[in-house]
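A short worksheet on the structure shown next.
The values are calculated or read from the model by the stated rules, or taken from the named source; none is laboratory data. All figures in this text were calculated on a predicted structure; none of them were measured in a lab. Here the Cβ is made from the backbone with ideal geometry for all residues, glycine too, and neighbour counts use every protein chain on show.
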Amino acid sequence: MITLNIFLVLVIYQCALSDGSKLNLSTEPCDVSDIECISKATQVFLDNTYQGIPEYNIKKLDPITIPSLEKSIEKINLNVRYNNLKVTGFKNQKISHFTLVRDTKAVNFKTKVNFTAEGKLVIELPKSSKTYTGEVTIEASAEGGAAYSYSVKTDDKGVEHYEAGPETISCEIFGEPTLSVSSTLEDALKLDSDFKKIFTEYGKQLTEGRKQTACRIVETVYAVSVHNIRAAARILPKSAYFKNV
């Protein structure tokens, strides 16, 4: 989604990344094993920075707009496209797992989140040259995660900084995502015999497709999170992050 960048959280919490009017935060760094401390720091940070801080290259996290998500299933004659999805809920995510292994310099964190995405849905039936459009709302519960290695670099002033390596993003959806469409789109699909046949014969695949879409949303938000980690690491010293690392 993801979003809960622990490096960024604790750095900004300890150091004044911006003026007090924007953050007004101050605390000691957390121990890497103190999940309660990390959770508290994370929530306060999200409350104060979810709208982004452009001057520090910290991007907006909530709401976030995804221009387009597409999925084509040739086997069942169906193309699905979501346009301009406005995603909300990630400012309220809760950390569920965090590890930092000193020996291997590896970081892994996960958060649980309930989110909503609203936008336009375009459904195409290529074989019959039919296209339907309407408003759509997706609601889902998920756990997203990011894993990456880190290194330590020294800048031209002799200050050490963390540098995050390439990330691997993970996603798990809990239960079935809810997908609601506008009444006009729903009525049109109910009257289309081709779509009804697809729904009857491939309902399981369509359900799985909703989960895949929900995960793509989570993964998109998490990519922004990792970007923010890197942005913060370029600004703030290594000493601002955790105790005894």
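Take the conditions in a helix (DSSP H, G or I) and out of contact with any Ser or Thr (no Cβ under 8 Å at 6 or more places or on another chain) and apply them to ASN244. Does it pass?
Values: in a helix (DSSP H, G or I): no; out of contact with any Ser or Thr (no Cβ under 8 Å at 6 or more places or on another chain): yes.
Taking the combined requirement at face value, the residue does not satisfy it.
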**Complete:** Taking first residues from region 147-167 that are closer than 14 Å to ALA232 by Cα and second residues anywhere that are of a type in the set (Lys, Arg) and assigned to a strand (DSSP E or B), the pairs with Cβ under 6 Å that are 6 or more apart or on different chains are HIS161/LYS153; GLU163/LYS153
**Request:** Could you grab me the full set of residues in region 166-200 that are within 20 Å of GLU139 (Cβ to Cβ), of a type outside the set (A, V, I, L, M, F, W, C) and buried (at least 18 other Cβ atoms within 10 Å of the Cβ)?
**Result:** PRO177
**Request:** Quick one: in region 201-237, of everything that is assigned to a helix (DSSP H, G or I), touching a His at 6+ places or on another chain (Cβ under 9 Å) and of a type in the set (A, V, I, L, M, F, W, C), which residue is surrounded by the fewest Cβ atoms within 10 Å (Cβ to Cβ)?
**Result:** ILE235
**Message:** Tally up the residues in region 61-84 that are crowded, with 16+ Cβ neighbours inside 10 Å and either under 15 Å from the mean Cα position of the chain (by Cα) or closer than 15 Å to VAL218 by Cα (or both), please.
**Reply:** 7
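Being outside any strand (DSSP E or B) and not polar (S, T, N, Q) is the filter; apply it to region 85-139 and report the residue that is surrounded by the fewest Cβ atoms within 10 Å (Cβ to Cβ).
Within region 85-139, the subset outside any strand (DSSP E or B) is 89-93, 102-105, 126-129.
Among the residues that remain, those that are also not polar (S, T, N, Q) are: 89-91, 102-103, 105, 126-127.
On the way: GLY89: 20, PHE90: 27, LYS91: 18, ARG102: 10, ASP103: 5, LYS105: 15, PRO126: 12, LYS127: 10.
So, considering only residues that are outside any strand (DSSP E or B) and not polar (S, T, N, Q), the one surrounded by the fewest Cβ atoms within 10 Å (Cβ to Cβ) is ASP103.
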**Test set (1) more than 30 Å from PRO29 (Cα to Cα); (2) in a strand (DSSP E or B); (3) touching a helix residue (DSSP H, G or I) at 6+ places or on another chain (Cβ under 9 Å) - GLY175 fails condition number** = (3)
**Request:** Could you tell me whether any residue of region 91-103 is at pLDDT 80 or above and closer than 15 Å to ALA240 by Cβ?
**Result:** yes
**Request:** Filter region 15-51 for residues that are modelled with pLDDT under 75, of a type in the set (Gly, Ala, Ser), farther than 14 Å from ALA232 by Cα and surrounded by fewer than 16 Cβ atoms within 10 Å (Cβ to Cβ) and give the result.
**Result:** GLY20, SER21, SER26
**Request:** Answer yes or no: is there a residue in region 144-152 that is on the phi < 0 side of the Ramachandran plot, touching an Asp or Glu at 6+ places or on another chain (Cβ under 6 Å) and of a type in the set (A, V, I, L, M).
**Result:** yes
